[in-house]
Amino acid sequence: MIIVLKADVSRDSPEVQRIIDLARSYPGVSTELHEIRGATRTLTEIYLLGSTGVIPTEPFKEFAAVEQVVRVTEKFRAIGRHDARLEAAGFEYNGVHISQESFHLFPGLCAVDTRENLEAMFRALHEHGITTTRAGAYKPRTSPYDFQGQGAGCLPFVFELAGKYGIRIISMEVTHESHIEEIRKALRESGDATGVMLQIGTRNAQNFELLKAVGQQGELPVLFKRGMGITLSESLNACEYVASAGNRRIVFCLRGMKSNLGDPHRNFVDFGLVPAVRRLTRLPVCIDPSHSVGSRAMAPDGLLDIFHVTAQGVIAGANLVLVDFHPKPEEALCDGPQALRMNELRHFIDDTRIARDAYEARIRRAVVD
């Protein structure tokens, strides 16, 4: 059960404590307080955990501080929408607001190679006003002989340069619980020069111990990539592992499915599911066109396929775009052939803005109608 408090009610108010006391008076019920940051307001919600099916809603509705009481369905208890009236679960991290109403681009290196290339990439992002990016230090690969990433050794200069160029968030994949502490330690030593969103890659989508580990720490938000060969429901249940462990600052990322039905693309592009994820959950939704398309194939109209599928996801309401960008793709140690080039970044930014403007126009039209 979720008790939504009115926007002007402080979580420290005496009435909130009375609500909590009432909830805990029922056998086997515990409570958690959560702050939900929407587009226009911030709400506090009280989660009732345990056997809540027999608990009546009426006593809670009588409190002046309560806006609504929502019964939670069995499916996706922590991340689920449950009721269309519930606010989407946005969050603020390192000065950046991320929610189902916001929009951010995360262009960057699939894997960090050299300090020079990283700095050139950060400099370009800074020149274009972008403060969110991706940069891989740990890279799980299909072949044991492929480049596996530089690991913790590159973190000091990654964070130093991120701070120098005003980067606020780096999406960075982790493949083992130990990587979490390595990142946190390096961030502290950098004076918290930037922020990191822990990325769960498609190969670890059902690594439940890793999911619990990123959920048990509340310092860093999590970007979860859909498993390449599992259903959407299975992937969302994996997000439940993160949320149920305590961390609800989660972004769900669609990155294409492993299926030859998607040929000639690397994966079957699944960005038509953006509105479905937004409807089923309260999570911001990300798309990864680079790992969906997997090449620099160009359509007859002169636009790269990556541009086209990005527009499809953005015009459907995607909130984040994770895309490979490299100043010298020929030097990239991972996925260079699919990366955007330096002279394409401005075009990509403008193209996504066109798609986002179109989405917002569609929403305004729907509201009017």
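The values are calculated or read from the model by the stated rules, or taken from the named source; none is laboratory data. Just so it is clear, the model here is predicted, and its values are computed rather than measured. In this analysis, Cβ positions are derived from the backbone assuming ideal geometry, glycine residues included, and neighbour counts consider all displayed protein chains. The area values use the complete protein model at the heavy-atom level, side chains included, leaving out ligands, DNA and RNA. Shrake-Rupley method; radii C 1.70, N 1.55, O 1.52, S 1.80 Å.
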*Kindly list the number of the only condition in (1) outside any helix (DSSP H, G or I); (2) over 21 Å from the mean Cα position of the chain (by Cα) that fails for residue 321.*
(2)
*asked:* For residue 128, only one of the following conditions fails: (1) under 23 Å from residue 220 (Cα atoms); (2) at pLDDT 95 or above; (3) open to solvent by 20 Å² or more (accessible area, probe 1.4 Å). What is its number?
replied: (1)
*over 28 Å from residue 256 (Cα atoms) and touching a residue at least 40 places away in the same chain (Cβ under 8 Å): does that describe residue 202?*
no
*asked:* For segment 219-259: of the residues being open to solvent by 50 Å² or more (accessible area, probe 1.4 Å) and small (Gly, Ala, Ser), which is farthest from residue 31 (Cα to Cα)?
replied: 229
*Taking into account only those residues within segment 334-359 that are in contact with a Ser or Thr (Cβ under 9 Å, 6 or more places away or on another chain) and open to solvent by 30 Å² or more (accessible area, probe 1.4 Å), which is modelled with the highest pLDDT?*
351
*Those residues that are out of contact with any Gly (no Cβ under 7 Å at 6 or more places or on another chain) and hydroxyl-bearing (Ser, Thr, Tyr), I need them from segment 125-170; list them, please.*
132, 142, 143, 145, 165
_So, in segment 58-87, exactly how many residues are in a strand (DSSP E or B) and free of Cβ contacts under 8 Å to residues at least 12 places away in the same chain?_
0
*asked:* Need the failing condition index for residue 111 against (1) out of contact with any Gly (no Cβ under 7 Å at 6 or more places or on another chain); (2) crowded, with 24+ Cβ neighbours inside 10 Å, just the number.
replied: (1)
*Are any residues in segment 38-70 closer than 18 Å to residue 87 by Cβ and exposed (fewer than 11 other Cβ atoms within 10 Å of the Cβ), and if so, which ones?*
40
*Please determine, by comparing only the residues of segment 134-174 that are crowded, with 19+ Cβ neighbours inside 10 Å and polar (S, T, N, Q), which one is farthest from residue 95 (Cα to Cα).*
150
*Taking the condition over 21 Å from the mean Cα position of the chain (by Cα) and hydrophobic (A, V, I, L, M, F, W, C), does residue 48 pass?*
yes
*Any residue in segment 147-158 that is among the small types (Gly, Ala, Ser) and under 30 Å from residue 52 (Cα atoms)?*
no
*Since residue 16 meets every condition but one in (1) under 25 Å from the mean Cα position of the chain (by Cα); (2) of a type outside the set (Gly, Ala, Ser); (3) crowded, with 17+ Cβ neighbours inside 10 Å, which condition does it not meet?*
(1)
_Among the residues that make up segment 331-353, is at least one of them acidic (Asp, Glu) and either in contact (Cβ under 8 Å) with a residue 60 or more places away in the chain or outside any helix (DSSP H, G or I) (or both)?_
yes
*Which helices (runs of 4 or more DSSP H) sit wholly inside segment 189-307 and have at least 2 residues that are among the aliphatic types (A, V, I, L, M) and in contact with a helix residue (DSSP H, G or I) (Cβ under 8 Å, 6 or more places away or on another chain)?*
208-216, 232-244, 274-280
*Among the residues of segment 90-140, which ones are under 17 Å from residue 324 (Cα atoms), of a type in the set (A, V, I, L, M, F, W, C), in contact with a Ser or Thr (Cβ under 9 Å, 6 or more places away or on another chain) and in a loop (DSSP other than H, G, I, E, B)?*
110
*Looking at (1) open to solvent by 50 Å² or more (accessible area, probe 1.4 Å); (2) closer than 12 Å to residue 2 by Cα; (3) of a type outside the set (A, V, I, L, M), which is the only condition residue 95 fails?*
(2)
*Mind checking which residues of segment 2-19 are within 18 Å of residue 71 (Cβ to Cβ) and part of a helix (DSSP H, G or I)?*
19
_Can you tell me how many residues within segment 160-188 are part of a helix (DSSP H, G or I), under 14 Å from residue 131 (Cβ atoms) and among the basic types (Lys, Arg)?_
1
*So which residues in segment 269-278 are touching a Gly at 6+ places or on another chain (Cβ under 7 Å) and farther than 13 Å from residue 305 by Cα?*
270, 271, 274, 275, 278
